[in-house]
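S.K.: Here it is, the structure in full.
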Amino acid sequence: MPIRIKTGDITKERVCAVVNAANPSLMGGGGVDGAIHRAGGPAILEACREIRRREYPEGLPTGEAVATTAGALPARYVIHTVGPVWGRCGDEKRCDDLLAAAYRNSLKAAYTLGCRSVALPAISTGIYGFPPERAAKIAYRSVETFLQEHPEMEVVFIFHSDESKKVFEEANGI
Ligand code: AR6
């Protein structure tokens, strides 16, 4: 199954798992995180609070991923991951590795839950300032690598605008 790419609102995707570009607090925020919590309702925040209490009292480390209910969303699960903040990784290579880890660990978490369809946003390319072309190559490569080992998984990238979708496609020669 090829990787699909489309423009839209990730909260509307009818997939098993949608990935959220969260922050370590898991307490919500702006961008896609805000949209997911708004559309999914309070059950998501409650589940995030529980994860903080039980597993990550200091917050979710960058590059890691955890799953919660998707609340009122059409998806079954939300996978919350934390992408790197561009310019705050020590060096650029480290930022690249952390972004790849965020994608890989999100897909792994979804797969472990039995999901075979996942919608992904452009992690770190909004508020966290990762250069979109650079992020596009890392995102696509990370997903391709995962799909080589899990070919039954269906993955769709959701972009918030036609412009950001175009940047992604051009960066990957699509
Ligand atoms: N559907 C799909 N993509 C979206 C949506 C949506 N509904 N809304 C925004 N995007 P960002 P980050 C795109 O800033 O850079 C939050 O405050 C957006 O256009 O959401 O990882 C968190 O709590 C951009 O291309 O995530 C963190 O504090 C992409 O999603 C911080 O932002 C990611 O932008 C995380 O920053």
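S.K.: If each residue of separation counts as 0.36 nm, what is the full-extension length gain between E170 and E46 once their alpha-carbon separation is subtracted?
M.R.: 40.7 nm
S.K.: When the Debye formula is applied to the Cα atoms of the range 43-143, each taken as the same point scatterer, what base-10 log of I(q)/I(0) results at q = 0.16 Å⁻¹?
M.R.: Listed by q, the Debye log ratios stand at -0.71.
S.K.: With the cut-off at 1.5 for a/c, could you classify the chain from its C-alpha gyration tensor as rounded, prolate or oblate?
M.R.: Judged from the Cα gyration tensor, the chain comes out rounded (a/c under 1.5).
S.K.: Once you measure Cβ to Cβ distances between cysteines in the chain, which Cys have no partner under 4.7 Å?
M.R.: Cys with no partner Cβ under 4.7 Å: C48.
S.K.: Can you tell me which of A39, A21, A101 moves the most in a GNM of the chain? Springs connect C-alpha atoms under 10 Å apart.
M.R.: So, out of A39, A21, A101, the one fluctuating most is A39.
S.K.: Loop only per DSSP, at most 16 neighbouring Cβ atoms within 10 Å: give me the trypsin sites (Lys or Arg not before Pro) in the range 2-79, ordered by residue number.
M.R.: R14
S.K.: If you filter the range 1-102 for GluC sites (Glu not before Pro), then keep DSSP loop positions with at most 12 other Cβ within 10 Å, what is left?
M.R.: Loop-located and lightly packed - E55, E58.
S.K.: Once Rh for the range 10-92 is found with the Kirkwood sum over Cα pairs, what is the Stokes-Einstein diffusion coefficient at 25 °C and 0.890 mPa s, in µm²/s?
M.R.: 192 µm²/s
Computed from the coordinates by the stated procedures, all read-outs in this text should not be read as laboratory data. All values reported here derive from a predicted model rather than from experimental measurement. Neighbour counts are summed over all protein chains in view; Cβ atoms, including those assigned to glycine, are modelled from backbone coordinates with ideal geometry.
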